[in-house]
Amino acid sequence: KQEVTQIPAALSVPEGENLVLNCSFTDSAIYNLQWFRQDPGKGLTSLLLIQSSQREQTSGRLNASLDKSSGRSTLYIAASQPGDSATYLCAVLTGGGNKLTFGTGTQLKVEL
Amino acid sequence: DVKVTQSSRYLVKRTGEKVFLECVQDMDHENMFWYRQDPGLGLRLIYFSYDVKMKEKGDIPEGYSVSREKKERFSLILESASTNQTSMYLCASSLYRVKNIQYFGAGTRLSVL
């Protein structure tokens, strides 16, 4: 059974700092990995999707990497801003290509 | 932009009531999903559907059923609501059956008293 772990569970950083969020998964037979953002009381917004054949994806200040063989992904956020404060979730797609397994998230707070 | 709309943001129901949660997507997506989200447990898949009138159980289908009569609409049904079904419910859709980005609705926070 696929298990996804995110470390740390919570993180507080000053504005402007570069930071890394970690995601690990137990079964490397994945189709893709997706990073989401969730604001309090809201739904999920997809940030980046990395196919299993890719090593990384970039969008603006965000960069996500994937090392499928070791079961790890990182989300790098450059020059963090208070508006980046949210919970970040990673999820891997397995099970015939339509089953997403989520981690429990990293709650990020960027302080002025 | 893909839009996934859940009919209610907040619902309060009584134990034993029949509850319907509705989800509509406007992008002709094949797949639709229902998740529940609980603190410390993350998001867990309840049911999904990859075509009209088709459904498959996810990880925690007990106590729930679903209906997909039209491609754009996917309903989650709690036949007899219980307090342990108090949760945030999230609907999602994706274009094709495999390897696709899932787009999420804003969620419905259900309280069962």
Which value in Å does the Kirkwood hydrodynamic radius of segment B:58-106 take, with 1/r averaged over all unlike C-alpha pairs and then inverted?
-> 12.8 Å
Projected onto their principal axes, the Cα atoms of chain B stretch, largest extent first, over whole-Å spans of 37, 27, 24
Quick one: length gained pulling A:Thr26 to A:Asn63 fully straight, 0.36 nm per residue minus the C-alpha distance?
-> 11.1 nm
If exposed trypsin sites (Lys or Arg not before Pro) are those in a DSSP loop with at most 12 other Cβ within 10 Å, what is the longest stretch of chain A that has none?
-> A:56-112
The lysines whose Cα lies under 29 Å from the Cα of B:Lys53, excluding any fewer than 8 residues away in the same chain, are A:Lys1, A:Lys42, A:Lys99, B:Lys3, B:Lys13, B:Lys18, B:Lys70, B:Lys71, B:Lys99
Taking 7 Å along the Cα-to-C-beta vector as the label spot, tell me the A:Ala79-B:Ile60 distance in nanometres, rounded to one decimal.
-> 4.1 nm
Rounded to the nearest 5, the percent of DSSP beta bridges in chain B running antiparallel is 90 percent
Take every residue in peptide B:104-111, count the Cβ atoms of other chains within 10 Å of its Cβ, and give the average of those counts.
-> 3
Length-normalised contact order of chain B in % [C-alpha pairs under 8 Å, at least 6 apart] | 36 percent
The protein assembly as shown, convex hull of Cα, quarter of hull surface, nm² -> 11.9 nm²
Over the residues of segment A:1-74, compute the C-alpha Rg and express it relative to 2.2 N^0.38 Å.
-> 1.15
Length released on extending from B:Glu79 to B:Lys53, taking residue separation times 0.36 nm less the Cα-Cα span = 7.5 nm
Its Cα gyration tensor gives segment A:36-112 an equivalent ellipsoid whose semi-axes in whole Å, largest first, are 23, 16, 10
Taking every residue of A:39-48, the Cβ atoms of other protein chains inside 10 Å of its Cβ average out to 5
Descending accessible area (1.4 Å probe), largest on the left, turns B:Ile101, A:Ile7, B:Ile60, A:Ile77 into A:Ile7, B:Ile101, B:Ile60, A:Ile77
Inter-centroid distance (Cα atoms) of segment A:49-86 relative to segment B:53-103, Å | 28 Å
Take every Cα pair under 8 Å in segment A:1-78 that's 6+ residues apart, average their separations, divide by the length, and report that relative contact order as a whole percent.
-> 30 percent
When we measure straight from the Cα of A:Lys109, which aspartates and glutamates land under 20 angstrom away, once same-chain ones fewer than 8 places off are left out?
-> A:Glu15, A:Glu17, A:Asp39, A:Asp84
Loop only per DSSP, at most 16 neighbouring Cβ atoms within 10 Å: give me the chymotrypsin sites (Phe, Trp or Tyr not before Pro) in segment B:26-113, ordered by residue number.
-> B:Tyr96
Keeping all protein chains in position, work out how much accessible area B:Ser87 exposes to a 1.4 Å probe, and write it in Å² to the nearest 10.
-> 10 Å²
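The values are calculated or read from the model by the stated rules, or taken from the named source; none is laboratory data. Owing to the predicted nature of the structure, the values given are computational and were not obtained by experimental measurement. Here the Cβ is made from the backbone with ideal geometry for all residues, glycine too, and neighbour counts use every protein chain on show. What goes into the accessible areas is simple: the full protein's heavy atoms, side chains included, and nothing from ligands, DNA or RNA. Shrake-Rupley method; radii C 1.70, N 1.55, O 1.52, S 1.80 Å.
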